Ligand code: FRU
């Protein structure tokens, strides 16, 4: 584990211990998201082994089955048909304890071995193979293990000859595997954490792996690299134009950061066309981390899911949640080829099923400096809006407003700075470090019109600007009665259109 992460976890442990010693944990149902994944109880961090099987999205996740804090790392498991409503299943890969070794099941991926290259299949049924890091804290060692499932992913057996890759290193983790048809082999990306490198391996059978190449150091290198993955993405909607994107998670200047590189992959080497001195951010907030994708979803969608890090607040009886799943693509812009991310269409298509009645709609309504109230009585909602800034320098939406106070979170656009912003200054002082109270993303708007999607769900806030060009995700902890929503402008602005769905809890 890298330094930033261990400091973060040590701080969390301190908070948790103080919490545990002082008083019994206080349930926080008002911070439980209604349409994002959380474990029924206890801790989660990274998403793992994302795979679409038999009409269902499978989500495995870093999980402590026993406590509401990091530890006993195992793979929790849940499935969903629409990425909103999740069925909680038993722990799929538990930690392994023997007389002298504890093996924690760290992050990794899962593949359906359709051709049974591994030989783990039985009765002609392809096995599901999980490839993950075995962290052995007593040995201060990380190596890559595999485990296989013959019951559709409910339970896994550890491969008898594990590890499949062992460099005798302390920090070497998070394998992400996919089938590369042109060379007819499995390809793995895995993190050489402290070298700030992604190592590529190839295998014909998921058991014997040969080194292919290294990528890095590049981009941001001040902290250890984790959770690498390489994805082929469609450019400008042209299914025949594919570029590869390499994602790497790491601690940034003000918290978690996921950087990406756009380039080409020839089956052996990834070549970046992104300037290696540039840091391209997947998300501009302080929460989105360790994201990997469902690479085999229907309609050729590549769907990215991240862990939203909790910040300093306790939630109970669960801790940690996943982001809204993002559909990914690449877009040609003035900045070159950049990542575009929108809430997955699988989510948006099902949204009305979870809505409290019809959405609230506004069209061509003026917002003055007095603001404009929008009716809501909970903190689970989704807003799609287009706001014409006219002569306002700043305009947008206030969410989680607490009546009778100035507590709120402002989401908007600053014309002078050309920035999308999330301003938590009045409400999150206790939960965020001062430099994270205002989170911004550089963004141009056309014709003075801001297009945003604002997703508030219990304790998370995700903002998508300009049809997915920029994303800011963060955790917020509004008081139970802080359910106000309004539009603001420091001059004259017009809500060209707005739709707001109130969303009800699903499980
Ligand atoms: C990222 C990470 C991974 C590791 C896992 C352990 O958050 O540190 O590198 O596999 O969490 O829980």
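Using C-alpha pairs under 8 Å with a sequence gap of at least 6, the mean separation divided by the residue count of the chain gives a relative contact order of 14 percent. One decimal place: the segment residue 370-residue 429 gains 18.7 nm when fully extended, by the rule 0.36 nm per residue minus the C-alpha distance. Among 93, 360, the ranking by other beta carbons within 10 Å of each residue's beta carbon, starting with the fewest, stands as 360, 93. Inter-label distance, residue 125 to residue 54: 0.7 nm, where each label sits 7 Å from its Cα along the C-beta direction.
Once the chain from residue 479 to residue 88 is taken as fully extended at 0.36 nm per residue, the excess over their C-alpha distance is 138.0 nm. Each residue in 142, 67 was given a count of other beta-carbon atoms within 10 angstrom of its own, and listing them fewest first yields 67, 142. How far is helix 3-22 tilted, in degrees, relative to the longest principal axis of the Cα atoms in the chain, given as a value from 0 to 90 rounded to the nearest 10? The angle comes out at about 70 degrees. Panel note: the C-alpha atoms of the range 238-324, placed on their principal axes, show extents of 46, 35, 23 Å (largest first).
Annotation: average projected area of the chain is 23.1 square nanometres, based on the convex hull of Cα atoms across all directions. Its alpha carbons give the range 355-502 an Rg and a Dmax of 14.0, 39 Å.
Between residue 181 and residue 213, the distance separating the two model label sites (each 7 Å from Cα on the Cα→Cβ line) works out to 2.1 nm. Kirkwood analysis of the range 279-339, using all unique Cα-Cα pairs, places the hydrodynamic radius at 13.5 Å. If you wrap the Cα atoms of the range 454-507 in a convex hull and average its projected area over all directions, you get 5.4 nm². This ranking places 201, 60 by how few other beta-carbon atoms lie within 10 Å of each, fewest first, which gives 201, 60. Dividing the summed helix terms, -39500 (n - 2.57) for each DSSP H run of n ≥ 4, by the number of residues in the chain produces a 222 nm estimate of -1500 deg cm²/dmol to the nearest 500. Take every DSSP beta bridge whose two residues both sit in the range 3-346, then give the antiparallel share in percent to the nearest 5. The answer is about 95 percent antiparallel. Simple spin-label model, 7 Å along Cα-to-Cβ: residue 299 to residue 167 in nm? A separation of 3.9 nm, rounded to one decimal place.
Quick note: the coordinates plus some simple rules give every number you see, no bench work behind them. Quick caveat: nothing in here was measured; it's all calculated off a predicted structure. Reconstructed Cβ throughout: ideal geometry from the backbone, glycine too, with neighbour counts over all protein chains shown.
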